[in-house]
Each structure stands twice: as structure tokens, then as C-alpha cells.
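Everything on this sheet refers to the single structure shown next.
What follows draws every value from the coordinates through simple rules; no lab data is involved. Note that this is a predicted model, so its numbers are computed, not measured. With ideal geometry, Cβ positions are generated from the backbone for all residues, glycine too; neighbour counts draw on all protein chains shown.
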Amino acid sequence: MLKTDILIIGSGISGLFFAMKTAKKRPDLSIVIMTKKTAPNTNTQLAQGGIAVVTNHIKDSFEQHIKDTLKSGGGHCDQAIVKMVIEQAPERLEELLKIGTSFDKNQEGQWDLGLEGGHSQHRILHHKDSSGLEIEKKLLKIIEQLPNIQLFENYQVIDLNTETKQEQTTSCGAFFYDKNTDQIKYIRTRCIVLSTGGCGQLFENTTNPEIATGDGIAMAARAGAEIEDMQYIQFHPTALFRGEKNPLFLISEAVRGFGAHIVNEEGKRFLFKYDSRGELATRDIVSHAIYREMHESRKKHVYLDCRHLDPSAFYQKFPSIAKHCNEIELFPEKDLIPIVPAAHYQCGGIKVDRNGLTTVKNLYAIGECARTGLHGKNRLASNSLLEALVFAHQASENINSTIDSFEFSSKILVPKFTGTENKKDHVTFLVLKKEIQALLTNFYLSEERDTDFAFQKIKLIKNAAETLAAKQQITIPFIEFSNMLTVALIIIKHCKKRKTPFIMSLN
Ligand SMILES: Cc1cc2nc3c(=O)[nH]c(=O)nc-3n(C[C@H](O)[C@H](O)[C@H](O)COP(=O)(O)OP(=O)(O)OC[C@H]3O[C@@H](n4cnc5c(N)ncnc54)[C@H](O)[C@@H]3O)c2cc1C
């Protein structure tokens, strides 16, 4: 039976940064990181634009960054949290630099700060257009060197176990599927940190990789933790349109910051009709404008126009984007790039306090799966990597000073299922997954949002899945599918709670 002081679920920026900090400060604690595929398989490694930090205190200030964040959040941010995150940013950046993370500098040796939608100043530190990959690589390298951390790949956590102590629900362990041996096992722990990322895979068009099925939200909800604001899903306006493909390749906001235009079928810019900032309005406004344009023209996409930009500067600044476009025979210097808005970021999630603690004792949530109060209705670009670092720090400090009073549960659980992955049901669940994606996309983007109809459809899909599952042992596609169903229901319920039309819910 496995046992560890701290169990971290997820190997993105939040989980790894938390693990690194805690392992260094408390070498006496054992830390296990479980991740459902290989370690780099995360949203983190796909982050292009970078991380928002005020570094130039002459042109920029914490106050301006705070103001931009609050404005983007549409009056729904927690002001104290916004202040804490933005003022802590330089210290967390310093820690990334200390482990060798590199960000681009200009010819004068100053940070080459990018500009993104909703930011009033250039303040985005970036590593070309692959900032997340750079951070993920450097963190993984450090994690390998820390003797009190064990990282298990292909360990998919299925559910959390809790017990009631002094009338409080307390997390004490987790069931997981070891894909390497095809077995379901149990781990006992003194505390759990969820760092499981978002749920973009619930939608037809998304920039999120396959791992983003909302597992952390579903597991936390089943454990009794409060979930908040799941009606605020951010759509990124510029995902590369490629028919039915999922996930879609992202064309970073920084490309618009660099001067790219968004044009319709007639080659005309249309964003100024919707906002005086044009292409540099926040993502909600740009996405909404694009959907309106697509609706009116009955087209499946609009275009990003980079043809007026300096090609050599473009290729130098955005090598990964240029490479990806070229591979599919698109040349930004001469072709219009077809784009469509895609589900990109989950602004709500597991409700946490300023230390990342959920409403369940000894259960923490950090990174995209957490609802901290930073983003409100609409995350400001490049604030999420920052949020992940700050809340990993907060949770680490809190756990370091409290864990000595947390005890292991005396209960040792044996999983009811032994479980073998039945390959046959992959196809069936793929079909059901597509049904959820279509249902939620139609529901979320429709003007009316008919919640009763959506609930009925979900019930039918659930019945089909249960009938299928009853015939066999528990399998990975079934687990993921169940989590997606749970999260879809939460999103629909939250949309019902606060009636908001179309994706302007984000504003
Ligand atoms: C294409 C793209 C570009 C982006 N660009 C930027 C940007 O420029 N700046 C910015 O600030 N933000 C950006 N974001 C958002 C940002 O990347 C994410 O919010 C952030 O990386 C999330 O980090 P995380 O640690 O919370 O989770 P992730 O990096 O998503 O990691 C989640 C981890 O949890 C694991 N996991 C999930 N469920 C389970 C389970 N059941 N069992 C075991 N493991 C599990 C996954 O395997 C993965 O390891 C971008 C996102 C995308 C998709």
C-alpha cells in the first residue's frame, strides 16, 4: 500500500512549482506527483504568449496591472486576491529565473516585453512563442534532482477518499489507475494538492490538449468541495481553424499585439464596430465579435491577416506559429490564416482561499482547476501562469507550517474494482464524448441557453453510458467520460444560477 505525506495530482506549472518549493523547504516530507499521461503532457507546455509581470516601474506599475485585471474580470474579481497576485509576481519570477528559465531580452539587454489584449502596457515576459514549454522543461529538470519527490507517469487518479474528523470532511487518500500495470490502487496521504488543469475538452473547438477533461473539478465535487463560477469559460478568439480537428492550434494573442488584423470573408476589419480597442480588446469581446461575424456571413471562420507585418521579424518572434502554419502550407506573409474562437480557459473552478485551501480539510487546489478570485468573469491574458505560481507558493507556505498537525488516516482501503482497460469501449466512449462536446457547445453558445433541454439530453447520454459500463469493468474512457458528464452538469447548473446571454457572459 502506497503512502506519502503529500500527493500532488498533475504535472503542469502549478503542481511542479509547488513540489519544487515544498521539497526544498521540507526535505523531511515525502511527495508523490501523479500524472495521467507523460509528465510534459499539460496545458502548461502549450502556453505561448508568456507571463504577465510588472518589471518596468517607470512606464508600468502594479496599479495599472491591477486595473487591467479588474476591468477584464467584469466586476467579479476578488480585489484583495488580484493585489496579492500582482504584487507577488516579481518574487515568483525571480524563482523561475533562479532555476534557469530564460525569457527574451531586447538589444539593450532589457526584457522584451510583449503586449496582449486588455493590457494597457507591454508587460508579458516570454520565451519566443513557447514560454510554457521552457518553464515546464526547467521545472521537470529540477524535480528529477529532488530526492524526496517521486513522479509517477500514467497514473490516473480516479477519485479522492475523505473521512469525517471533528465533523469536518477531510481528504485522506486517493484511488488511481496505474496504466503501466493495468491495476487500480490506493494511496494514503496526509494532504492532497489538485493541480489538474482545465476542462476545454468538453467543447467541440478547444485549444486544450486531451488531458483537459475537468477531472479535478469532478473529483473535488464528489468529495464535497464547493465549485464556483464554472459558467465563465474563456474562448480564445484566434485558434487555427482546421475543420473537425480537436484540439486546435493556438495563434497567440501576442500576434495581435504585434499588429495582426482580424478580417472577414471580404478582407475587411470589423472589430472597431464592437470596441474602440479593435483587435486589442479583451478576448471575450473579440470572440463575441467573431461569432457575430461568422453568424451573419454563415461562414465557419474568419481570418487573421499578418501580410502587412515584417516577415523576418514575424518569423523570428513567432517561430513555432510560423513553423506550424508552414507545415500545413499556410504562409503568414502572403496567406490569410483561417481562425475561429475556441474554449481555452476555465475562469471558475474549485473554490479556494488565499492559501489554495478548498472547503474540504487538507485538500488544496492550485492552477487552472482552482477558482481563486483573480480572473472574475474573464481572465486577462497571461495572468494564469502567474496565478499558478503565486498559489503554488501560497499553498506550499501554508502546508509547510500546518502539515505536522495532519495525521494519516488509520483506514486502509482496498479498491473494489481491480479493473482492466477494455480497449473495445474506446470507440463507444469517443462517440459519447463527441455528443457531450456538441451538446455543451450548442448550449453555451446559444442566445437562449435552454437549461431544461440540456439537462434532459445529459440524462440520456448518462443512461447510455451507465448501460455500457454495467456490462464491464471500470475503464479509463469510462472514468474520463463520467468526469466530463459531472463537469458539464456543473457548468449548465452554474449558467442557470446566473442567467447570462451568449459568450458575453464573460463580460
Ligand atoms: C494553447 C494554450 C496557450 C496558453 N497560453 C498561455 C499564456 O501564454 N500565458 C498564460 O498565462 N496562460 C496560458 N495558457 C493557460 C495556461 O497554460 C494554463 O492555465 C496553465 O498552464 C495551467 O497549469 P496547471 O498547472 O493548472 O495545469 P496543466 O498544465 O493543464 O496540467 C494539468 C496536469 O494534471 C494532470 N491530470 C489531470 N487530470 C488528472 C488525473 N485524473 N490524474 C492524474 N493527473 C491528472 C494532467 O495530466 C497534467 O499533468 C494557455 C493555455 C493553452 C491551452
TODO: Enumerate the lysines that Lys351 could reach by cross-link, defined here as Cα to Cα under 22 Å, with residues fewer than 8 away along the same chain left out.
DONE: Lys71, Lys83, Lys165, Lys361, Lys377, Lys493, Lys496, Lys497, Lys499
Open item on the list: Below 12 angstrom from the Cβ of Ser396, what's the summed charge of the other residues (Lys, Arg +1; Asp, Glu -1)?
Closed with: +3
TODO: State the answer as a single residue: which of Val302, Ile31, Leu440 lies farthest towards the positive end of the charge dipole of the chain, with beta carbon charges of +1 for Lys and Arg and -1 for Asp and Glu, about the Cα centre.
DONE: Leu440
Task: region 278-331-region 210-234 distance, computed between alpha-carbon centres (Å) - done: 30 Å
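Assuming a ≥ b ≥ c are the square roots of the Cα gyration tensor eigenvalues, decide whether region 335-420 counts as rounded (a/c under 1.5), prolate (otherwise, with a/b larger than b/c) or oblate. Please list the in-between numbers first.
Numbers: a/c = 3.12, a/b = 1.57, b/c = 1.99.
It comes out oblate by the Cα gyration axes.
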- [ ] Sort the following peptides by mean Cβ neighbour count (other Cβ atoms within 10 Å, averaged over residues), highest first: 452-460, 60-68.
- [x] 60-68, 452-460
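Using DSSP, restrict attention to beta bridges with both residues in the chain and report what percent are antiparallel, rounded to the nearest 5. Please report the intermediate quantities before stating the final value.
Working: 37 of 60 bridges.
Percent antiparallel among DSSP bridges in the chain is about 60.
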Task: Charge dipole (the chain, unit charges on Cβ, about Cα centre) - positive-most of Ala80, Ala488, Leu140 - done: Ala488
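Between Rg and the Kirkwood Rh of region 238-342, both from Cα atoms, what is the Rg to Rh ratio? Don't skip to the answer; put the middle values down first.
Working: Rg = 12.9 Å, Rh = 13.8 Å.
Computed over Cα atoms, the ratio is 0.93.
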TODO: Could you state the orientation-averaged shadow area of the convex hull built on the Cα atoms of the chain, in nm² to one decimal?
DONE: 23.3 nm²
Open item on the list: Please list log₁₀ I(q)/I(0) at q = 0.18, 0.25, 0.26 Å⁻¹ for region 425-506, using the Debye equation with identical point scatterers on the alpha-carbon positions.
Closed with: -0.73, -1.18, -1.25
Task: Within the chain, helix-based [θ] at 222 nm, where runs of 4 or more DSSP H residues each add -39,500 (n - 2.57), nearest 500 - done: -12000 deg cm²/dmol
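Can you give the charge dipole size of region 425-506 about its Cα centre, rounded to the nearest 20 debye, using +1 on the beta carbon of Lys and Arg and -1 on the beta carbon of Asp and Glu?
Values: 12 positive and 8 negative charges, 54 e Å.
Taking the Cα centre of region 425-506 as origin, the dipole is about 260 debye.
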Open item on the list: Cα atoms only: what Rg and Dmax, in Å, come out for region 69-163?
Closed with: 17.9, 58
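Show me the ranking of peptides 275-287, 149-161 by mean Cβ neighbours inside 10 Å, starting with the highest.
Values: 275-287: 21.5, 149-161: 19.5.
Output ranking for 275-287, 149-161: 275-287, 149-161.
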